[in-house]
Amino acid sequence: MDFSGLNVAALLPELLVSGGGLLVMALHAAFRGRQDRQLVWVSLASVVAALAFCLNPLTVEPGYFGSALSDPMAFAGRITVLAALVLLLPGGVAYARSRNLPQAEYLSLSLFAATGMMALASAGDLIVLFLAVEVLSISLYCLAGLMGERESSRQAALTYFLAGSFASGFLLFGMALLSGSAGTLDIAALGTGLARVSGTGTQWVALGGVVLMIAGLLFKVGAVPFHSWVAEVYSGSPTVVTAFMSTAAKAAAFAGFGRVLLALGSVSEAWVPLVGICAGATMILGNFTALVQGNFKRMLAFSSVAHAGYLLLGLMAVGAAGESLEAVIFYLLPYVLANAALFLVAAKVSQAGSGNYKLDDYKGLARRNPWLAGLLALLLLGLAGMPPLAGFMGKFMVFSAAVRAGHTGLAVLGILTSVVAVFTYLRPVVYAWFHEPEESGALNLDGGLAFVVWVAGAGLLLLGLWPRLWLDLCAGIGV
Amino acid sequence: MEQWVLTLMTFVPLLGAAVITFLPKDQHNLIRWTAAAFAAVPLLLAFWVWQTFNRAGVGVDDLAGFQYVVKLPWIPAYNIEYFIGVDGLSAPMVLLTALLSFLCIFASWGISKQLKGYFALFLLLETGMMGTFVSLDFILFYVFWEVMLLPMYFLIGIWGGPRREYAAIKFFLYTLAGSVLMLVGILALYFQGGQTFSLIELMAHARDFANPALTIFGMNFAKVLFVAFFIGFAIKVPVWPFHTWLPDAHVEAPTAISVILAGVLLKMGTYGMMRISMPIFPGAMQDFAFAIAVLGVINILYGAYCAMAQEDLKKLVAYSSVSHMGYVMLGMAALTPQGMTGAALQMFNHGTITAMMFLLVGVVYDRAHHRQINGFGGLGAVMPVYTGVAMLAFFASMGLPGLSGFIAEVLVFLGAFQSYKWLTFLSALGIILTAGYLLWMIKRVFLGPLNEKYKDMPEINARELFTLVPIGLIVIYLGIYPIPVMDLMDGATERLVTLVTSF
């Protein structure tokens, strides 16, 4: 057998991160938990090393006989996941420590989940895609239940597990039908495979497969009609885990499934209307539900449902036209930056206030820490898509892709629901700036959190002014 | 080097905002003077632009007529450019923005709460306004348009009156709803107009857009987009029935912010119609001209009636803005050279006159801490200088010959009469109503027996005079000799009218 196609180096980022996870577990056991404080450095080292390899890959040949791809999409997905980790791990460990959660478990499970996410973003065939989904899902189920003594956390883990299992079932069944009728597991070859059976009875089997796979995707990203698990899981899980789910996991899912949908461009008339309806419903439901929340964490949860709607719109627009996923790739990074930072801020503000993420905690934040309140406004407005922040550029690219593909109605719907979103995001800002504080005393950030918030804020501004920075970077790495 | 003047005017205030955030927060005078210094730069540059502006240049759809043009790629993948320049439509607005922003720094001297934030946001607002007027790229225009929204929102929401939160959110949502409609329109134009955001190039595609076979949502493309843009701009003007945010915002906003709001922001609506709607959709403009004229007349009469009913001095001035912006609409919709020039001139003149009126309201409010028209009386006896300046402003607003408001209104009526005789007749009634509400207000506030409560009211001080006198001089000067501003805009307004009528 010829092993020249193996090219292990293509998987270096994944290997580094999963190796980091194993090392964390080993060190935890070896020191009997006495040196857990240092483990975050081990984890960060593996993440940074992986990031370095993503930015300067040793090879851009696909690995494992085409199962692990090295295209711009793969690198964009990996870098986004790793960036989320860099932002979340230090804050996450501090969070875990302050709430007496097991740090080593948190770190190693996060790294394993990230391995799955990165593999998902670069999966070249359906089996690897499924394996990646499972690796990331199982790690996330455990992470959701990390606060085991709290009922909400246990409930979140169980709900997530059940919903996720259904999704996996759909996904696997869909893959079976699809690969069976197309005669291949290779994602890139699905389109030609399906073209061969078009007009025959097998076509309908294939279509069933497409629909089931899309259902799996909608489940995983929490889009309508499979969104009902989101509120409970997102609000019950430890906040740093929620942040991880709503950012990195979503980015990876869109990268991985985006690739599949692109490959199915030849049968786009079968899935585009379906995804379109779900995208529209997701934008409406996500934004309006977010609007009425009095709880910051739940508001962010539903707003991330809404963002899934915009991303689906982008997917269907480019999928139909068979173009690159540039709009989706771009949309994800500022979304991830802003969301990761906001969840961490939420944890901090809530801890200093009511302890249960009430919006009221933000009252008078500007008096207690004007810089934090300013950055909070910046991040929220970035998510809302106000120019010149990056969220605007993301939405601009998605909507212009939609208009170009002829989905003007959905673009209008997207833009109108964005106004609702602005109203949602302004409420904490109004509380922070226009209201008197209920508690006095400064609210100081520790160094790690301040770093995250500033990096995310600067990133939003920079990417908004020079969006090509990120896209050119991705295009420059992969092939 | 010269072409960078507009860039400097736009971004020097932003730099000022950044500098102010790093000043120590208890050094109040340092913060104020820094803000003044950074606002002075655009004013000096604007003055220079006004001096050096080539009056023979036409502009509108002719790039050669634009001056101080900078065109650099910004986001090449989408053909988005940093494309700025001024022509006869934008030059007066740039001048107005620079002037009012500078004077408003001094009108904000009394702000004592969170000074750093206030002046930083104020300068950011100036960047947004300036950028909106000089942008020739649609996305750049949109970005500046939105950039201006946020500081305004915070300035009303933090430094405003008792109902500031409500007013700020209402202002924000109304404007945002308008601007997102615009965004859909921008995208649709981009894909129909050869994938460009350059306003000039889009104007060259006017015939393609007007193609009756072209549809969007099953309706005529040009008409749908014209209406979408019109609503976006109409909210800003504000055109009845989208005007309800205005009185709320004005009443709650601090004085200087009211000045900017009425003096500059409202003009962006009508400026947008002239810069964007008319030259890109000349055919639709012809179709809708009558409807716009009717809306203009409604604004004139409805605004004036509302002003008459107000008890609050500031609300009266706010509704007078609604009324006066109606003249701009009417003049524009007449599609005659006199009407268009009148409209453009009215934009400038209303900017100066209404600024004076809001500043004047601020002066009494700072002393009496209320604005009830019936709560004063005989102020003329204790504040003669103040009353003198106030008379100048109110008479200018009434359109008294010899003051700047007169010329613009006459031109508007001259232009409109050629197109819509009955509408012009109706709108002329607005003049009587305007005289009515203003004279009645003057009688109650300045004349009559002195209200004993205010017998020791201090006279207007030097700082307040400093903000009012320059504008007052402009109002008088342009009333006698309007050419220095009119010759800026003449070429462009004529070009605009030909563009629409010859389509």
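The values are calculated or read from the model by the stated rules, or taken from the named source; none is laboratory data. Nothing here was measured: the structure is a model prediction, and the numbers come from that model. Don't worry about glycine lacking a Cβ; one is built from the backbone with ideal geometry, like all the others, and counts go over all protein chains shown. Surface areas here come from the heavy atoms of the whole protein model, side chains and all, with no ligands, DNA or RNA. Shrake-Rupley method; radii C 1.70, N 1.55, O 1.52, S 1.80 Å.
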message: Tell me the angle of helix A:202-221 to the major Cα principal axis of chain A, expressed in degrees between 0 and 90 and rounded to the nearest ten.
response: 10 degrees
- line: Per residue, the convex hull enclosing the Cα atoms of the stretch A:288-418 spans a volume in Å³ of 92 Å³
task: Restricting things to alpha carbons, find the Rg to Rh ratio for the stretch B:432-503 using the Kirkwood radius for Rh.
output: 1.22
query: Tilt of helix B:483-501 relative to the longest C-alpha principal axis of chain B, in degrees (0 to 90, nearest 10)?
result: 40 degrees
- request: Compute the distribution of all C-alpha to C-alpha distances in the protein assembly as shown, in bins of 10 Å from 0, and list the percent of pairs in each, rounded to whole numbers.
  value: 2, 11, 20, 22, 18, 13, 8, 4, 1, 0, 0
message: Within chain A, which is the longest segment that contains none of the GluC sites (Glu not before Pro) sitting in a DSSP loop with at most 16 other Cβ atoms within 10 Å?
response: A:150-322
Amide H contacts of residue B:74 (H built 1.01 Å from N, under 5 Å, at least 5 apart or other chain): B:80, B:81, B:82
- request: Compute for chains B and A the buried accessible surface, both sides summed, probe 1.4 Å, and express it in Å² to the nearest 100.
  value: 3200 Å²
statement: The correct pair for the stretch B:139-250, radius of gyration to one decimal and Dmax as a whole number, both in Å and from Cα atoms, is 16.5, 53
Relative contact order of chain A, pairs being alpha-carbon contacts under 8 Å that are 6 or more residues apart, as %: 15 percent
Accessible solvent surface per residue of chain A, calculated while the other protein chains remain in place, 1.4 angstrom probe, Å²: 33 Å²
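Determine the relative contact order of chain B: mean sequence separation of Cα pairs under 8 Å and six or more apart, normalised by residue count, in whole percent.
Averaging sequence separation for qualifying contacts and normalising by length gives 16 percent for chain B.
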message: Counting only other residues whose beta carbon sits under 11 Å from that of residue A:311, what net charge do I get with K and R as +1, D and E as -1?
response: +2
field: Carbon plus sulfur fraction of accessible area for the stretch B:422-503, probe 1.4 Å, in percent
entry: 72 percent
Inter-label distance, nm, simple model (7 Å from Cα along the C-beta direction), residue A:55/residue A:166: 4.2 nm
message: If you average the C-alpha positions of the stretch A:108-126 and of the stretch A:382-430 separately, how far apart do those two centres end up, in angstrom?
response: 29 Å
- line: Sparse-neighbourhood loop hits (chymotrypsin sites (Phe, Trp or Tyr not before Pro), the stretch B:134-175; DSSP loop; Cβ within 10 Å at most 10 others) -> none
message: Over all directions, the average projected area of the alpha-carbon convex hull for the stretch B:1-73 comes to how many nm²?
response: 6.4 nm²
task: Heads up, I need the accessible area for residue A:25: 1.4 angstrom probe, whole protein in place, Å², nearest 10.
output: 100 Å²
- request: Take the alpha carbon atoms of the stretch A:55-72, find their center, do the same for the stretch A:166-242, and report the distance between the two centers in whole angstrom.
  value: 24 Å
- prompt: Around residue A:354, with a cut-off of 15 angstrom between Cβ atoms, what is the net charge of the other residues, counting Lys and Arg +1 and Asp and Glu -1?
  reply: +2
- prompt: In a solvent-free Debye calculation with one equal scatterer on each Cα, what is log10 I(q)/I(0) for the stretch A:122-232 at q = 0.16 Å⁻¹, listed in the order of the q values?
  reply: -0.74
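For the stretch B:303-414, what value does the Rg/Rh ratio take when both radii are computed over Cα atoms and Rh is the Kirkwood radius, given to two decimals?
Result for the stretch B:303-414 is an Rg/Rh of 1.03.
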task: Would you mind checking the tilt of helix B:337-368 against the longest principal axis of the Cα atoms of chain B, expressed as 0 to 90 degrees and rounded to 10?
output: 30 degrees
- prompt: Kirkwood Rh, the stretch B:304-503, all Cα pairs: how many Å?
  reply: 17.5 Å
- prompt: So, in Å, what gap is there between the alpha-carbon centers of the stretch B:265-334 and the stretch B:81-137?
  reply: 22 Å
field: Cα Rg, Dmax, chain B, angstrom units
entry: 21.6, 72
field: Label-to-label distance, nm, for residues given as residue B:459 and residue B:480 (7 Å Cα→Cβ offset)
entry: 2.4 nm
field: Charge context of residue B:363, other residues only, Cβ under 13 angstrom, K/R +1, D/E -1
entry: +1
Sulfur and carbon atoms: percent of accessible area, the stretch B:43-156 [1.4 Å]: 66 percent
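To the nearest whole percent, what portion of all C-alpha pairs in chain A is separated by more than 34 angstrom? List each step's numbers first, then the result.
On the way: 33272 of 114481 pairs.
For chain A, the fraction of Cα-Cα distances above 34 Å is 29 percent.
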statement: Hydrodynamic calc, the stretch B:13-128: Kirkwood Rh from Cα pairs, then Stokes-Einstein at 37 °C with viscosity 0.692 mPa s, so D in µm² s⁻¹ is 208 µm²/s
- prompt: Measuring from the lowest to the highest alpha carbon on each principal axis, how far does the stretch B:233-303 reach, largest first, in angstroms?
  reply: 42, 24, 13
Hull volume in cubic angstrom per residue (convex hull over the Cα atoms of the stretch A:219-346): 82 Å³
